[in-house]
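Written below as structure tokens is the structure these notes are about.
The values are calculated or read from the model by the stated rules, or taken from the named source; none is laboratory data. Not measured: the values here are computed from a predicted model. Here Cβ is always computed from backbone atoms with ideal geometry, including for glycine, and neighbour counts include all displayed protein chains. Remember, those area values only see protein heavy atoms, side chains included, never the ligands or the DNA or RNA. Shrake-Rupley method; radii C 1.70, N 1.55, O 1.52, S 1.80 Å.
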Amino acid sequence: MTALVVCAALFFYELSPVDSPKHEREVRFEIPAGTSVSAIAARLHEQQLIRSDRAFYLASRFPAVLLRSSVPVMKSGVYTLKSSMSSAQIITLFDSGKQEYIKAVIPEGLTLRKIAQLLDSEGVCATEDFVVAAKNPTLLEEYGVPFESFEGFLFPDTYFFTPSMSAESVLKIMLDNFFAKIAEIPYFQQKTVADFYETLVLASIVEREYRVASEAPLIASVFANRIAVGAGLYSCATIEYIITEIQGKEHPDVITYDDLKIDSPYNTYKWAALPPSPISNPGLVALNAAANPPKTNYFYFTLTDSDVGSHTFSESFNAHVKASAQFKTKKVGK
């Protein structure tokens, strides 16, 4: 009997924390999918997070020891452990699946590749893996997108991903968010992707042109009016897209006249139509603006306050030239 008591006391001692809260260490611990309990226990012991891998294993396989009614499941993921945690607390955490997350803030207006690079820099998934997944024909078909990639469908937002997620899993989270968000806009309801794709392309341009949210609808109205009469959109944002995303060059400090002559279907100075696909991933402001452009007589806009980012909108070319000249004069005066 005495021996049994001693063995029980030793067993529960081996389940107790390695360190006191005063001397605790914090460790990032990853459980890859399919890892056995014995392998998990061995790694915990190696990292000095538990006293005994055998005691941990037995406590995990025989739930009555920890007064549990069911066998805990060691869910894969990345966890933050403290050396002041008991084996029972660690087992409970693994069973809960409450993992460590990476916070990724995706701003409005980034391209697919720039989003991929951001995710890579945050340790979520590799750049090329994400780009390849975003062009996967099977996944495109799954989401009803009859185009070459998910450019434009990656909704800008704050996301919480787990480290080393598969690119496809990351992509699906962003896509599900996109379709949930546009469902809040009446225009997009009951429409297929093919039905609203041109609006998405327009929104992607508006996103790159506006800085003041209240002006986004007016910018959308200018483009809508120009499309209606068969005039080119004359958007510098599309030229920037050609230079940075198609030609793979650095972002230009200025757009030159030679840049405006680039032979590309994305050149809205050369062709009087929308580009063949989105040039960025727009947020709700641009999506709402493109879906509901107000009725105006504006055909032009020019930046007239570079500090605020506001524009002057004009109905005629002469008024547009005058507004542009006044802005240049103001800049020289400064």
| Under 17 Å from LYS98, Cα to Cα: aspartates and glutamates that are on another chain or at least 8 residues apart | GLU26, GLU30
| note | With -39,500 (n - 2.57) per DSSP H segment of 4 or more residues and division by the full residue count of the chain, the 222 nm estimate, nearest 500 deg cm²/dmol, is -13000 deg cm²/dmol
| field | Karplus-derived 3J(HN,Hα), 6.51/-1.76/1.60, for each residue of the range 55-60, Hz, glycine and proline x | value | 4, 4, 4, 5, 5, 6
| task | Could you sort 186-192, 268-274, 312-318 so that the peptide with the highest average Cβ count within 10 Å comes first and the rest follow in order? | result | 268-274, 312-318, 186-192
| request: Express in whole angstrom the spacing between the alpha-carbon centres of the range 81-101 and the range 108-141. | output: 31
| field | Extended-chain gain in nm, criterion 0.36 nm per residue less alpha-carbon gap, ALA325 and ASP305 | value | 5.9 nm
| query | What whole number of Å gives the distance from the Cα centroid of the range 287-303 to the Cα centroid of the range 217-260? | reply | 15
| query | In degrees from 0 to 90, rounded to the nearest 10, what is the angle of the helix 112-121 Cα long axis to the longest principal axis of the chain? | reply | 30
| Under a point spin-label approximation (7 Å from Cα along Cα-to-Cβ), what is the ASP120-ALA272 distance to one decimal in nm? | 4.1
| field | In the range 121-174, chymotrypsin sites (Phe, Trp or Tyr not before Pro) in a DSSP loop with at most 13 other beta-carbon atoms within 10 Å | value | none
| message | Taking 8 Å as the Cα distance limit and 6 or more residues as the minimum spacing, I'd like the relative contact order of the chain as a percentage. | response | 14
| Cross-link table LYS135/LYS261; LYS22/LYS82; LYS135/LYS270, entries beyond 19 Å C-alpha to C-alpha | LYS135/LYS261; LYS135/LYS270
| task | Under 10 Å from the Cβ of LYS82, count the other residues' Cβ atoms, weight Lys and Arg +1, Asp and Glu -1, and hand me the total. | result | -2
| message | Before I look further, what does the range 133-202 give for accessible area per residue, probe 1.4 Å, in whole square angstrom? | response | 47
| Under a 1.4 angstrom probe, counting protein chains only, how are GLU198, GLU30, GLU128, GLU245 ranked by accessible area, largest first? | GLU198, GLU128, GLU30, GLU245
| request: Calculate the dipole size of the chain relative to its Cα centre from +1 charges on Lys and Arg beta carbons and -1 charges on Asp and Glu beta carbons; express the result in debye to the nearest 20. | output: 660
| field | Inter-label distance for PHE160 and THR296, nm, one decimal - labels placed 7 Å from Cα along Cα-to-Cβ | value | 4.0
| query | Mind checking the dipole of the range 128-277: about its Cα centre, +1 per Lys or Arg Cβ, -1 per Asp or Glu Cβ, Debye to the nearest 20? | reply | 400
| Sequence-distant or interchain residues sharing an amide H contact under 5 Å with THR304, placed H: which? | SER310, HIS311, THR312
| field | Rounded to whole Hz, the Karplus (6.51, -1.76, 1.60) HN-Hα couplings of the range 32-43, x for glycine and proline | value | x, 4, x, 6, 6, 4, 5, 5, 5, 4, 4, 5
| note | For the table LYS191/LYS295; LYS103/LYS191; LYS103/LYS181, the rows whose alpha-carbon distance is greater than 25 Å are LYS103/LYS191
| request: Any chance you could run the full-extension gain for GLU198 through ALA9? It's 0.36 nm times the residue separation minus the Cα-Cα distance, nm to one decimal. | output: 60.9 nm
| remark: Whole-percent carbon and sulfur contribution to the accessible surface of the chain (1.4 Å, no ligands, DNA or RNA) stands at 54
| request: Just need log10 I(q)/I(0) for the range 242-302 at q = 0.18 Å⁻¹, Debye formula, equal scatterers on the alpha-carbon atoms, no solvent, rounded to two decimals. | output: -0.91
| said: Compute, for the range 190-240, the length of the dipole vector about the Cα centre, with Cβ point charges of +1 (Lys, Arg) and -1 (Asp, Glu) only. Units Debye, rounded to 20. | reply: 60
| Förster radius 35 Å - calculated FRET efficiency between VAL229 and ASP259, Cβ distance, rounded to 0.05 | 0.90
| Solvent accessible area, Å² - LYS114, 1.4 Å probe, full protein context | 80
